[in-house]
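Remarks on the structure that follows.
Read-outs: derived from the displayed coordinates by stated rules, not from any lab. Everything numeric in this text was worked out from a predicted model, so none of it was measured.
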Amino acid sequence: MSLRAEPGHITPGRRASLVDAVLDLPEVQESARVEASFRLGDSESLHQFQERCEDVSTRPAGWSALLDANLPSCHAGQPVPDSAGQEPQPGT
């Protein structure tokens, strides 16, 4: 999966919201690890990954930073609540 923000001014908090949206995807929630890249200097995204993930490590790669992290073990393989906060019922 790849997401890219449009060039130009980005309202504060939007990068953190983007990280949250990606980490809340069902296919991500079912995983144990996450790998991401973002522009060097994007401290908002880095901070949000550090808040939501474990064992976060980064390394520079040109104009980008590459991130490797573990997702919290309490979420791996757990049902993901829907937008109303309800867990899916078996068979649905």
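Sequence gap at least 6, Cα distance under 8 Å: using those rules, report the relative contact order of segment 23-69 to the nearest whole percent. If you can, show how the numbers build up before the last one.
On the way: 48 pairs, mean separation 20.1, N = 47.
43 percent.
What residues qualify as long-range amide H neighbours of residue 33, i.e. H under 5 Å apart, gap of 5 or more or another chain, H built at 1.01 Å from N?
So residue 33 has HN proximity to 71.
Under the rule of at least 5 residues apart or a separate chain, name every residue whose amide H is placed under 5 Å from the amide H of residue 65.
For residue 65, the qualifying residues are 38, 39, 40.
Short version: ³J(HN,Hα) in whole Hz for each residue of segment 18-28, in order, from phi by Karplus 6.51 cos²θ - 1.76 cosθ + 1.60 (θ = phi - 60°), x for Gly and Pro, what are they?
Result, ordered by residue: 5, 4, 4, 4, 5, 5, 8, 5, x, 5, 6 Hz.
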